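Structure first, commentary second.
The values are calculated or read from the model by the stated rules, or taken from the named source; none is laboratory data. Quick caveat: nothing in here was measured; it's all calculated off a predicted structure. FYI the Cβ positions are ideal-geometry reconstructions off the backbone, even for glycines, and counts take in every protein chain you see.
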Amino acid sequence: MSPSTLLATQPSFWMPVQASQNAAATDTLFHFIFYVSAFFFALIMVLMIWFVVRYRRRRPDELGTGPHHNTALEVLWSAVPIGLVIAMFVIGFKDYMRMVGPQNEPNAYEIGVLGVKWKWTFTYPNGYVDDALHVPVDTPMQLTLTSDDVIHSLYIPAFRTKMDAVPGRYTKMFFRATEPGEYTIFCAEYCGTSHSNMLTRVVVHRPGEYEKWLEQASNFLDRMSPAEAGAKLFTQRGCGTCHSVDGKPGTGPTLKGVFGHDVALTTGAKTLADENYLRESILNPQAKVVAGFEPVMPTFQGRLKDREITAIIEYLKTVQ
Ligand code: CUA
């Protein structure tokens with residue numbers, strides 16, 4: 001079954017599917033503003049072209065004396081636009097307050113969001129971290145966002161919701177997903193080279209399925225071999241956005257064939273890439289920087305558990 005057949009609402013010509021509680025109101029306001037703007041654009045263009053022709057330059061004896069003043073017309077063209085922009089403000093403010101107001105969702109289910117160049121990670125209440133957002137349907141959700149480096153922006157078009165992830169502070173996003181399915185998440189704030197690849201998805205689970213997914217996803221370290229779990233962590237936690245495993249250099253050195261070999265450092269020294277070196281480079285990346293690369297890797301201190309670091313090292317042993 002394709003995702004679209006699961007959906008009660010279909011995407012329109014202009015808009016993606018409406019998959020959250022505030023999507024319909026947001027679209028209504030958008031269409032109101034859009035069609036008002038389109039109407040006045042057309043009106044002004046037609047009048048402009050007509051006036052250009054009607055009042056084009058002529059010989060002085062052809063010019064009559066035009067009207068100086070028309071009170072009814074001036075009141076009309078002031079009052080109508082004022083009424084329209086006040087309506088836009090009132091509707092928009094009400095929608096916005098409903099969208100951001102935590103007072104409406106005091107028992108929201110909270111998921112942590114971290115933006116880093118160039119990966120989104122989501123921390124679930126039991127401590128599990130995934131690179132996709134999973135939510136139960138029809139449940140008030142609160143995302144608490146932050147960033148490790150620059151400003152990113154979590155944008156879910158199907159939910160008509162977007163919020164900046166700012167380094168050094170927390171921002172919040174509230175929504176309630178209304179349609180089970182999968183939707184794209186973008187980064188909507190230009191954040192460097194791979195900004196446009198900072199994509200992931202939100203999976204909206206049917207009632208009861210979210211809890212099963214979380215339990216299954218959380219115990220991957222018990223289910224998988226360390227090297228398999230390490231491969232999963234390598235992708236999910238964003239190692240692969242900077243380090244290739246096929247020999248190509250990226251923002252960081254490739255990790256293909258690194259384990260068990262000497263690596264040249266910026267200091268001119270060489271060091272053997274063993275378990276301790278890899279562990280140190282994950283927890284304190286600036287301690288020994290590989291020659292030819294900038295010391296730009298963030299620390300994973302506090303973000304990876306010992307068992308997860310061991311799994312990643314086991315995985316790196318396999319990429320030879
Ligand atoms: Cu992160 Cu753009």
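Assorted remarks:
Listed here are the residues, each with its yes/no results for (1) under 11 Å from the mean Cα position of the chain (by Cα); (2) more than 23 Å from PRO106 (Cα to Cα); (3) surrounded by 14 or more Cβ atoms within 10 Å (Cβ to Cβ); (4) within 12 Å of the ligand (Cβ to nearest atom).
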| position | (1), (2), (3), (4) |
| --- | --- |
| SER153 | yes, yes, yes, yes |
| TYR170 | no, no, no, no |
| PHE175 | no, no, yes, no |
| GLY208 | no, no, no, no |
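- Subset of the range 108-126 (residues that are out of contact with any helix residue (DSSP H, G or I) (no Cβ under 7 Å at 6 or more places or on another chain) and of a type in the set (D, E, K, R)): GLU110, LYS117
- Some residue of the range 87-103 being in a loop (DSSP other than H, G, I, E, B) and either hydrophobic (A, V, I, L, M, F, W, C) or surrounded by fewer than 16 Cβ atoms within 10 Å (Cβ to Cβ) (or both): yes
- Filtering the range 190-224 to residues that are in contact (Cβ under 8 Å) with a residue 12 or more places away in the chain and of a type in the set (Ser, Thr, Tyr) leaves THR193, SER194, THR200, TYR210, SER218.
- Matching option when the condition is touching a helix residue (DSSP H, G or I) at 6+ places or on another chain (Cβ under 7 Å), surrounded by 10 or more Cβ atoms within 10 Å (Cβ to Cβ) and either farther than 30 Å from LEU221 by Cβ or modelled with pLDDT of 90 or more (or both), among ALA24, ALA19, ALA38: ALA19
- Where PHE259 falls short, out of the listed (1) closer than 26 Å to VAL150 by Cβ; (2) of a type outside the set (Gly, Ala, Ser); (3) surrounded by 18 or more Cβ atoms within 10 Å (Cβ to Cβ): (1)
One line per residue, one yes/no per condition, for (1) in contact (Cβ under 8 Å) with a residue 40 or more places away in the chain; (2) part of a loop (DSSP other than H, G, I, E, B); (3) of a type in the set (A, V, I, L, M):
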site: ARG279; (1), (2), (3): no, no, no
site: ALA287; (1), (2), (3): no, yes, yes
site: MET297; (1), (2), (3): yes, yes, yes
site: LEU304; (1), (2), (3): yes, yes, yes
site: ILE309; (1), (2), (3): no, no, yes
site: ILE313; (1), (2), (3): yes, no, yes
site: GLN320; (1), (2), (3): yes, yes, no
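- Residues located in the range 280-316, provided they are within 21 Å of THR235 (Cβ to Cβ), touching a helix residue (DSSP H, G or I) at 6+ places or on another chain (Cβ under 7 Å) and surrounded by fewer than 16 Cβ atoms within 10 Å (Cβ to Cβ): THR299, GLN301, ARG307
- None of THR193, THR139 is more than 14 Å from the ligand (Cβ to nearest atom) and either within 21 Å of HIS243 (Cβ to Cβ) or over 10 Å from the mean Cα position of the chain (by Cα) (or both) except THR139.
- Within the range 51-71, being assigned to a helix (DSSP H, G or I) and either modelled with pLDDT of 95 or more or more than 22 Å from PHE41 (Cα to Cα) (or both) holds for PRO60, ASP61, GLU62, THR71.
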